[in-house]
Amino acid sequence: MNPEPRLVEVRKNVLKRNDVLARALRERFREAGVLAISLVSSPGSGKTAFLEKTLTLLHSRYNVAALVGDLATENDAARLARSQAPVKQIITGTVCHLEAAMVQHALEGWNLHDLDFLFIENVGNLVCPSSYDLGEDLRFVLLSVTEGEDKPLKYPTIFNSADVAIITKSDLVAAVEFDEAATRRNIQAVRPGMQILKLSAKTGEGMAEFLDFLENQRQRSRSAAAV
Amino acid sequence: MHELSIAMSIVDLACEEAESRGAPGVDVVYLKLGPLSGVVKEALLFSYQIACQQTPLEGSKLLIEEVPIVVNCPVCMDRRPVQSLQSLCCAECGTPTPEILEGRELMVTAMELRQ
């Protein structure tokens, strides 16, 4: 007869391995003085267009680079490379999100000390990426005006995991009768106090404010790192 | 759907723990799950059975304790539950409260080891 099973206490985070890698990445970014920003959104919210515009505008003044995750194809990396910034594609295969190990692997061969900003574009998915820390300093969640004002209420976890919300495709506000007040209310309901920026990568509306925001964040993180 | 990958991480973690304690297998894994973990209980339970196949955890049970979101309410100046996942306001006084104390858990708390 088998003896009674033995109950043991464990208390370990399931994603501990990812969390440890993410912490190490965050420390590397801090030490190198690079501001790492990840982008999450549903597919088709305009992440790549927004990032291409951002890289192009920053490229003349700063050293910028990007990692871009997709299940398949190198199309996004090719688009982003038009900005002249170094870009690396992470092809996840069947995996629906990026993990810290993928970021770590993709950074091999890059000297982080050469960079001011690193952007990490996650796989287009509003569910799975919320569970994985990538070591980023800031996580931006993008929401396009064509998507519906209640998206934050439908995907509260990812909105809650982000630091800044960016409303994209603002040039289409009138065409889709976008209700900005309702969207802002819904974002605040799932993440009280979250900063919200609105812009259009196509027309450039809001991009200057966004660049100011990025520069401020970089200054803040550098002075925090210097303490 | 990333629950299969999460389930495989649970199985790996439990196998390591069992091995380090010299146990041949595991009967039960206890998991604490918060609403902000981004993991769906039903999908995880389904994935767990698949992840356990041909491992020392085959035939084991995953017992999930769902824990609520707890915030630090700046008005009540105390730990409080929230109205809902769609409304992160103090359930007592209605103040929006971004300071989350609990609710992101995805943690193996205990195991029953086979002797």
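Every number in this text was worked out from the coordinates using simple rules, so none of it is lab data. Just so it is clear, the model here is predicted, and its values are computed rather than measured. Cβ: placed from backbone, ideal geometry, glycine included. Neighbour counts: every protein chain shown.
Please state the equivalent ellipsoid semi-axes for region B:63-115: what are the square roots of 5 times the Cα gyration tensor eigenvalues, largest first, in whole Å?
Sorted largest first and rounded, they come to 30, 10, 8 Å.
Quick one, what does Rg over Rh come out to for region B:1-48 if you take C-alpha atoms and the Kirkwood Rh?
Result for region B:1-48 is an Rg/Rh of 1.01.
Rounding to the nearest 10 and keeping the result within 0 to 90°, find how far the Cα-based axis of helix B:3-20 lies from the longest principal axis of chain B.
60
Is it possible to state the helix-based mean residue ellipticity at 222 nm for chain A, with each DSSP H run of 4+ residues giving -39500 (n - 2.57), the sum divided by total residues, to the nearest 500 deg cm²/dmol? What is it?
Dividing the helical sum by the residues of chain A leaves -11000 deg cm²/dmol.
Please name whichever of A:24, A:148, B:57 sits farthest to the positive end of the charge dipole of the protein assembly as shown, dipole taken about the Cα centre and charges placed at Cβ: Lys and Arg +1, Asp and Glu -1.
Among A:24, A:148, B:57, the one farthest towards the positive end of the dipole of the protein assembly as shown is A:24.
Near the amide H of residue A:166, under 5 Å away, which other amide H atoms are found, from residues 5 or more places off or on another chain, if H is placed in the peptide plane?
Here A:141, A:142, A:143, A:197 satisfy the definition.
Pop a pseudo-label 7 angstrom from the Cα along the beta-carbon direction at both residue A:172 and residue A:91 and give the gap in nm to one decimal.
In this crude label model, residue A:172 to residue A:91 measures out at 2.8 nm.
When the Debye formula is applied to the Cα atoms of chain A, each taken as the same point scatterer, what base-10 log of I(q)/I(0) results at q = 0.08, 0.09, 0.16 Å⁻¹?
With one equal scatterer per Cα and no solvent, log10 I(q)/I(0) is -0.30, -0.38, -1.14.
Please compute, for the alpha-carbon atoms of region A:74-150, the extent along each of the three principal axes and give them in descending order in Å.
Result for region A:74-150: principal-axis Cα extents of 41, 27, 26 Å.
Which value, in debye to the nearest 20, gives the size of the charge dipole of the protein assembly as shown about its Cα centre, when Lys and Arg are +1 and Asp and Glu are -1 at the Cβ?
Computed charge dipole of the protein assembly as shown: roughly 440 debye.
Pull up all non-local amide H partners of residue B:113: gap of 5 or more, or a different chain, and H-to-H distance under 5 Å with H placed in the peptide plane.
A:6, A:7, A:8, B:27
Using only C-alpha positions, report the orientation-averaged shadow area of the convex hull of chain B, nm², one decimal.
Averaged projected area of chain B's Cα convex hull equals 7.9 nm².
Report the Cα centroid-to-centroid distance between region A:86-158 and region B:6-68 in angstrom, as an integer.
Using only Cα atoms, the two centres lie 26 Å from each other.
Which order do A:87, B:28, B:75 fall in if you start with the one that has the fewest other Cβ atoms within 10 Å?
With the sparsest Cβ surroundings first, the list reads B:75, B:28, A:87.
For peptide A:15-27, compute the average count of partner chain beta-carbon atoms within 10 Å of each residue's beta-carbon.
That works out to 1 on average.
What number, in percent, do you get for the relative contact order of chain B if the mean sequence gap of Cα pairs under 8 Å and at least 6 apart is divided by its residue count?
35
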